[in-house]
Each structure stands twice: as C-alpha cells, then as structure tokens.
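*Asks:* Questions regarding the structure given below will be posed in turn.
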Number of protein chains: 2
Amino acid sequence: MSSSAVSNEKHNEKPKTAIVPTRADNYPEWYLKVIDAADLAENSDVRGCMVIKPWGYALWENIQRGLDAMFKATGHVNAYFPLFIPLSFLEKEAAHVEGFAKECAVVTHSRLITVDGKLVPDPKSKLEEPLIVRPTSETIIGASFAKWVKSYRDLPLLINQWANVVRWEMRTRLFLRTAEFLWQEGHTAHATSEEAVEETMKMLGVYAEFAEQWMAMPVIQGEKTAGERFPGAVQTFCIEAMMQDRKALQAGTSHFLGQNFAKASGIEFQDDKGALVHAWTTSWGVSTRLIGGMIMTHSDDDGLICPPRLAPEQIVIIPVIQKPEDRDRVLTYCKALEKELEATIYAGSPVRVHVDARDMRGGDKAWQWIKKGAPIRLEVGPRDIDNDSVFMGRRDKGPKEKTGVTRAAFVAGVATTLQEIQDALFARALAFRDQHTKQIDTKEEFYAYFADPPKKKQSDPTPIHAGFALTHFNGDPALETKIKEDLKVTVRCIPLAPGEPGTCPFTGQPSAKRVVWAKSY
Amino acid sequence: MSSSAVSNEKHNEKPKTAIVPTRADNYPEWYLKVIDAADLAENSDVRGCMVIKPWGYALWENIQRGLDAMFKATGHVNAYFPLFIPLSFLEKEAAHVEGFAKECAVVTHSRLITVDGKLVPDPKSKLEEPLIVRPTSETIIGASFAKWVKSYRDLPLLINQWANVVRWEMRTRLFLRTAEFLWQEGHTAHATSEEAVEETMKMLGVYAEFAEQWMAMPVIQGEKTAGERFPGAVQTFCIEAMMQDRKALQAGTSHFLGQNFAKASGIEFQDDKGALVHAWTTSWGVSTRLIGGMIMTHSDDDGLICPPRLAPEQIVIIPVIQKPEDRDRVLTYCKALEKELEATIYAGSPVRVHVDARDMRGGDKAWQWIKKGAPIRLEVGPRDIDNDSVFMGRRDKGPKEKTGVTRAAFVAGVATTLQEIQDALFARALAFRDQHTKQIDTKEEFYAYFADPPKKKQSDPTPIHAGFALTHFNGDPALETKIKEDLKVTVRCIPLAPGEPGTCPFTGQPSAKRVVWAKSY
C-alpha cells in the first residue's frame, strides 16, 4: 500500500487506492492527482502555462519519436517557422482571424526600461505592427510557401513543424487545455484538390494508427460538423477517443483547407498547361493534449498506466535488500539483468530498463512505480537470485498480483509480455468504449441518456457521464446548437466508417448515417 | 559546372566556382550565398526571425540527436518550462536583468479586437504584469527548482530543455544572430560549489567533444573574462572556433552561477546536518548558431560541406540515364544499392542514403548536391552496372576528382570512407587554425596584426582578418576595453590548457598565461 494510503489509514479512512479521490468519487480531481502522483507536470507561475516535468516530457519525447518516423515514412520533412505572426498576416483569412484573434498573446514592445525603480516596457520601443505569438501557423507558413511554390514541379510540398503555440485560454487544465502547449503542425500544398484531400485523409489515418498502436487508445475517425470546423478550413476531420468519464476527447485533427489559405497567402503555381492557379493546402496537428488522453484512457485508482510503447521506462528493477551484506550481490545481479534486457528489442527499439537503486523501502519504491505507470516491475532479492528468477508485477493487473518467473524465461519473453500489456490496455479501452456507446433512436431517450443525475450538494463533483450516443442527425446547425445548449452535448464526428441511412429523431427528417454525440473536453 | 556558373559564363565573367562571390572576394556575402545555394534557411517577413528550411533543419535534428544522447549519458533528463517570463522574475537577479531587459519581446495584451476595420490589441485585455518571451530561462526554471528542491537528497537536479528563445537583436544574420533561435539550455542545481563547478566543466567538455567529433570543428576551451561573462554568472566558460575569415565564433557556453540565481529564486535545501542553505547552480547552452559555425568552418567556394556525422544525407546516388530504355534497369540497381548501404552502420547509426531520381540533367544534380554539401556522391550508369562498380565523388575533394570503385569494395568500406572525410575535414580546419594563430609578444606587432588592410573603396567588403593572437594579458578590464575600441579585438578566452607565465606586452605586468585574442562574431 502506498505511503499516502498508509498515512490516510492512520486517520481511520482506510482508502484502498493510491489515488484519492478515485475516478468514481471525483473524476476531475482524480485526473489532477494522477498527474501529481506520477510527477508528470504542474502549473507554473505564469497564467495558464504548465511545466512539463521529466517523466511527462519523456512521454512527449516518445510520442514525438513515433509520430516523426511515421511522418517521414509518408514523405514529410521537418522545418521551422517564426514564433511571431504579424497582425496583417492573421487578417488575410477572414474566418481564421475570427477564430484566433480572440485569445492570443500580443507582443507590442521590444525593450524594457527602469522607471522609478520598476521595469516597464519602453514606450520608444513600441512596435509599428504588433506581433502575435503563433496560435497556429497557417498564415506565416503560407507566406513561405508562396515564395517556394512557382511551378507544379514544386508540388506537393510536404512540411511538418514541431513547435510551441499559445492560445490565451481562460480555463486551463494540465495537458488538456493550456495557454502554451507543444505540438506538431503539418502543412502541405498540392496541385489538385484530390491530392490535398488524399493527404488530409492519409494523415488522419496516421493519427488513428498512432493512437491505437502506440497509445493503445481506440479512436473513431470522422468529420466535424460546420460548427466544430477549424476556422478557415473547408473540411475538418478528427480522431475522437472516449475517456473513462465517458466524455469524448478530440485527440487530433486533419484539415482540408481547399484554396482558402492559398488565396489568402498567394500560394500560386504554373500548372502543366502554363496557367497560374492557386494551390490546395492541408494542415494537421496533435499536441501534448495526447498525454491527457493517455492518462484518462488507461489510468486507474492506483495512478498512471503507461502503454509500453510510450513508457519512459518499460521495466523497473527493484533490488530487494534486507541485509547490508546482500547489497553488492543483489545490485550486481540487477545491473547485469538490466544490461541483458536492454539488449532485447521491443517494437523496433531496445527495451527501456531502469534499476531503482535508491536507498529506501522496496515497498515504497514499488508504489512509486505503480503510480508512475511503469508497465513491468521486477523485484529481485537474494532468494530470487539463488533460484535465478524474478518476481514480476504487471501494471495492467492488480498491485498484489505478482508472479515468479525464471530469469531466462522472462528475458526470452519480454517483448511478448510488453506487447501483451499493450494489447490488454487497448482491449480494455475498446471494451469500455463499446460498453458506453449506445444506439439511440428517440429524442426522449437521447435527452434522458445525457441528463446529469441530480447532485445532492452543489459542491459535489461533476458526475460521470453517460457515454457516446450513435444517433441519426439531419445535419441542421441550429438543431446542433439547441442540443448543445440543452445538454452540453455536440456531434463529435460523422464517422468515416460506412453506416445505414435512417431518420433524425429530433426532426423526423432523413439522415445519411448515425453520428457520434457526446459531451467533450 | 553549376548552372549559375554556366549562366555567368555567358556574361563573359568566367567564374570557376559555384558560389559567387568567393570567400576571398567577399566573405560575408559568400556566407549568405552558401546558405541560399544549399537551401538551408531564409529571412522571414518577421523582423530578425528566420525560416529554417528542411535541409537546414535536418542538420539541427542531427545536432539535437547527437547532443541529446550525450546529455542523457551524463545523467540529464529533459523537461519543458514556460515560454513567458513575468517581469518580476527577470528583476530578481540584478546583473541578469541588466543584461537581458534591453532587447526582448514584451507581451502586453491577450486579445485583439477590430476597430474601424483594423485589428488592434484590445485595451481591456491589457495584462496586469507584462510578460517577456524568454531570452534564457534561469529565472523561470529557478522558480520550479525552488519548489522541487527541499533536501540534499533532491540534489543534484540535472535538467535540460530544448526550446526557442527570443532576443531582440538589431543586426541579424542567418544562424549567427537572429531574434528567435532554437537552442538547448541545461540547468542544474547542486549541494556544493565543487559539484556545480565540476558540472560546469563536464558540460563544457561535452560541447568540445561534440564540436570536434561530430562537427569536425576544432575548438579552444577556456574561460571568459569578466566583460564577456553571462549576466549573473560567477564564471563563464566557452568553446571558441576559428572561422575561415579567421574570426572567432563562440560556439557554446557553460556557466557556473554560484549561488546568485539560487538566492534570486529561493532555491534552498536542508543539508545533511539540517541547515537550510542555498543551492549552487549552473547553466549551459548551444544553439542553431552551431550551424553557422559548421558552414564557416568547412564550406568552400563551391558551397556547403557537411561533416558526415551531421549530413542529412551522407551518400547521394545519382542515376545516369542517357537512353530512356536504360531507366528502369539503372533505377532498380540504384534502389538496391541504397538498401544495401542503409543496412550498414556508420558512427552508430544506419548510413543515410538518397537516390536522386528526379527527371533532370545528371550534371545539374551533381552540382546541386555539391552545393548542399553531401559527403559522397555516387554516379551510376549502365556501364558502371555492367562492371558492378560506382563512380564516387567526395565533397572534401575537388568536384572533378572522381574515382571508380567496385560496388562491393565501396559498400564494405563505406563507414571507413565517411570517417576519412570526417577526419580530413577536422584536420584541414585544425591546420587552418594553427596556420592563422600567432604568438605575439609586443604591442606593436599585436596592433599591426589586427589592423585592417586599407580598403580601396568604402563599399569594398570587409577584408579577411588576421587570425588568433596568443598574447599575455594582465587581466585589466580597462585595458581589454581599450583594445576593443582600438581594434574590435577581444579576449575570446583564457584557455584551460596549461600555459607558461609571462609578461603582458601592453602593461609590462605579469601574466599567468597567454590568452586568445581575436575579432569575433
């Protein structure tokens, strides 16, 4: 049992979990406690900006490594564009400025001076044209593309950028919504509409594959309705995942921008017949929000659970040393085991192993690694060494469910075991989503499904939500707005997967297919 | 001959080089032309900010990969801290604010509104406390360290951050000095002064090793004089390299910050005797400036030369297709060769190979890759295939110096050949530095050495400089200032390497060792 659980026990509360409150008791608070217990991130002294701590940043590094290889395998190259965007650039695309001018960091001066012992912006350094810190880079990258693209031979242009962006959000939440966040933004230009649409869908597929294969997070691929579209896009596609409070998380988006941004930025080329035409562009992005999605998909009331492919350390070896004279022998054995494991390959990379040789109680160590979500814990003491075996705990199973296994068998099967955990997490998340996804065909049932259960006290936490509803929809934006106002429920996406036509239960009008309705982050 | 050279020839100018002007004719202009011809970067529409294009960014990715592994091997972990720094944080360290308040991007508003059809900062969104875009992160990271460090058991804290920073430079130059640049900044906290000094020197050593082993750029490790010290540091150490105009480039710095920033940020811990004491901190950084150093160390009048360990592509295969019916056969052979080469390892990584199958003249392709600095070019045509051989050009040799070699021999020796090129570049750069480094023992000779040769016309380019002078110095800051005013020459560093005591030729006073004097970037 964790030290925090132990200390709670002294107060006669007897919590059975390492994280208090549990998901059922107070899901939003549980989320923050998991982040804290795993040492992933914290709020900074700068409004809305987070500090990503080493264990959290290592998750991001693994996300970057996985996605970057997939981007390169699909022909993209990385580049880097300015942090600042002149106001006049933002103004070029009408819908875009409407969407992004509302919340941004505006740079107005370029120097500080001391006045009456206080540092203030130097009035003489006021910029002629204010700059905004990029909330997204369509306009500034468009300006470069306009210079680079002259002929159809220069197309397609397939660029990605890893960067920080800033959106001045009022209500922030670690990883899910922060003023500054880290992301990648792909920006591509094509000679035809068809090619740009193909790229948009290809990258949506890359995101879905990454979410499912690397993050073990099942997603629904679909298109956004007009109300949820990226400002300036012709079509926005997304991957949507169900969190354990049964709300939807938009985990990645891919936009077909048509010629809107090409016209705004002047991206023109001579086609093969010599005519000057505007290019067709796309953009697509995922962010540190994925870490929030990973946390809420897999973690339990004992803390974080990292899917093995993302785990900063996949195996943690905990030397069990009761007597000082055993210390050298146990540590030597553990170090040799670490080396042997690091020489094995899982999912294309050397297995990541850590020996926790800190001078503290083995039980406390084990609980720390449970809370940090390490997929496999190995406890190794003198008796295990005598038997040339290890004592294994898997994070996808209960904390007390540990099994002895010979060292040779463990090493030989380590990649299989890690993949088993990866698959188990995916299967569990998929079953959870299926369990909480319902086909609903009447307005009454729909409203009942999404109605919040009554709270006893105003201060009670937000209750766990119903889940996803698969319900027909005639596509009317006014109806979607009404439902959003009534229930805080929106169309998360119109799934790409084939579906049967039917009748919109709200209007009685025909509907092409069921769409996914849910509350969302 | 390059296409630009060819087109120049038509104008009867007969340049013999792909880059015009040459280094000798106009070094600053040559530098920009090399960047342009290699497609590394360009100025953006945002004052002082550059766009790093794919070939330039791939160099940065390789620098990151190499350094990041070295940081991790020395026990450091990555994390991420806010882009913005509250003014009050900057004010905490007196020397620091003096150094960085002068040139920075100040964020004063958080929203834009449209007034008279024009987008302007919304007066209602004015921030209570302005934020500055980080020029360096000692103060904002210090605030986190102050929370994280409580006991001596929490130390050392060894953190690195990969990030963008902004310094509002007035005179910018691609890679060497830009308003926004990319860098890494290490920040560490220690329980004792000795440990912090040891860390400072260890990371200086890492930088020197990276510069010499990866970049093939010889550097002098040394300490900065007080005048060149980082604002707020107790001691600043650096690596200094000689560029081909014989000016010095500060390529990396490592700072021992003493307790200055720990006191400013409140980083305190209980030592093993229970006393509350301030930690000892360090910081160290290198930036995209390294790419400027790489360009100016190795490139020649035909363009960029990438040292193999940094080259985005180490080998470029150019199919030579004279008749359309040969096309499939030649491409198939080239693709197979690419695959075979990619299966070989150089310097710990798979060899990076590219087949340039574009539909254009082979000679033009070859010149493009010369200008982009690819270490090895292989030309493969039907006759080479018949002989199972390749025609190899090395970028460290003349463009016409090509040798036939059997495919088997080339593949078997590819790692050796790449290392030969790497070593040759280092040896050439070292010989160049030695040739232009002079021990000078009199004031007269010193002033003559650094005097600019007279220009014929005011518009003539800056002449190539003399080089480094190894000259004794009594350490007087006023004297250093005088020499800087007279000659634009400064002490680049007091070398760490042992030296003999002697006499300062400017004052006749004793000097502990010769120091490195030079003009610098």
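*Asks:* From the list A:293, A:363, which one is over 20 Å from residue A:391 (Cα atoms) and assigned to a helix (DSSP H, G or I)?
*Replies:* Checking each option against the conditions leaves just A:293.
*Asks:* Report whether or not residue A:317 is modelled with pLDDT of 95 or more, buried (at least 22 other Cβ atoms within 10 Å of the Cβ) and among the aliphatic types (A, V, I, L, M).
*Replies:* So residue A:317 passes the test.
*Asks:* Would you confirm, using the coordinates I've provided, whether residue A:165 is of a type in the set (A, V, I, L, M) and in contact with an Asp or Glu (Cβ under 8 Å, 6 or more places away or on another chain)?
*Replies:* Considered against the rule, which asks whether it is of a type in the set (A, V, I, L, M) and in contact with an Asp or Glu (Cβ under 8 Å, 6 or more places away or on another chain), residue A:165 comes out as yes.
*Asks:* Let me ask another. Tally the residues that are among the acidic types (Asp, Glu) and over 27 Å from the mean Cα position of the chain (by Cα), restricting the search to the range A:463-484.
*Replies:* Here the count works out to 1.
*Asks:* Sticking with this structure for a sec: Kindly indicate which of A:195, A:185 is part of a strand (DSSP E or B), in contact (Cβ under 8 Å) with a residue 12 or more places away in the chain and either in contact with a strand residue (DSSP E or B) (Cβ under 7 Å, 6 or more places away or on another chain) or away from chain B (no Cβ under 14 Å) (or both).
*Replies:* The unique qualifying residue is A:185.
*Asks:* Something else: From the list B:92, B:102, B:72, which one is out of contact with any strand residue (DSSP E or B) (no Cβ under 7 Å at 6 or more places or on another chain), among the basic types (Lys, Arg) and farther than 30 Å from residue A:117 by Cα?
*Replies:* None of the other options fit; the residue is B:72.
*Asks:* Give the residues of the range B:224-251 that are outside any loop (DSSP other than H, G, I, E, B) and among the basic types (Lys, Arg), sorted by residue number.
*Replies:* None - no residue of the range B:224-251 is outside any loop (DSSP other than H, G, I, E, B) and among the basic types (Lys, Arg), so the list stays empty.
*Asks:* In the range A:102-137, how many are facing chain B (nearest Cβ under 9 Å), crowded, with 19+ Cβ neighbours inside 10 Å and hydroxyl-bearing (Ser, Thr, Tyr)?
*Replies:* Residues flagged as facing chain B (nearest Cβ under 9 Å), crowded, with 19+ Cβ neighbours inside 10 Å and hydroxyl-bearing (Ser, Thr, Tyr) within the range A:102-137 amount to 2.
*Asks:* Suppose we keep only residues that are more than 7 Å from every other protein chain (Cβ to nearest Cβ) and in contact (Cβ under 8 Å) with a residue 40 or more places away in the chain within the range B:69-89. Which one would you say is farthest from residue B:147 (Cα to Cα)?
*Replies:* Ranking the qualifying residues of the range B:69-89, first place goes to B:70.
*Asks:* I need the full set of residues from the range A:90-101 which are acidic (Asp, Glu) and either in contact with a helix residue (DSSP H, G or I) (Cβ under 9 Å, 6 or more places away or on another chain) or at the interface with another protein chain (Cβ under 7 Å from one of its Cβ atoms) (or both), in order please.
*Replies:* A:91, A:93
*Asks:* Further question on the same structure: Can you tell me which residues in the range B:34-54 are surrounded by fewer than 23 Cβ atoms within 10 Å (Cβ to Cβ) and in contact with a helix residue (DSSP H, G or I) (Cβ under 6 Å, 6 or more places away or on another chain)?
*Replies:* B:39, B:45
*Asks:* May I pose another question? Scan the range A:159-171 and report the pairs whose first residue is farther than 30 Å from residue A:75 by Cβ and whose second residue is surrounded by 21 or more Cβ atoms within 10 Å (Cβ to Cβ) and aliphatic (A, V, I, L, M), with Cβ atoms within less than 7 Å and a gap of 6+ or a chain change.
*Replies:* A:168/A:105; A:168/A:179; A:169/A:179
Residues checked against (1) of a type in the set (A, V, I, L, M, F, W, C); (2) within 20 Å of residue B:19 (Cα to Cα):
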position	(1), (2)
B:305	yes, yes
B:317	yes, no
B:321	yes, no
B:328	no, no
B:342	no, no
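*Asks:* Are there strands (runs of 3 or more DSSP E) fully within the range A:426-496 with at least 3 residues that are in contact with an Asp or Glu (Cβ under 9 Å, 6 or more places away or on another chain) and either among the aliphatic types (A, V, I, L, M) or touching a residue at least 12 places away in the same chain (Cβ under 8 Å) (or both)? List them.
*Replies:* Result: A:468-472, A:490-495.
*Asks:* For the range B:72-101: of the residues being crowded, with 19+ Cβ neighbours inside 10 Å and β-branched (Val, Ile, Thr), which is nearest to residue B:158 (Cα to Cα)?
*Replies:* Selected residue: B:85.
The values are calculated or read from the model by the stated rules, or taken from the named source; none is laboratory data. What you see is a predicted model; the values in this text were computed from it and never measured. So basically every Cβ, Gly included, is an ideal-geometry build from the backbone, and we count neighbours across all protein chains shown.
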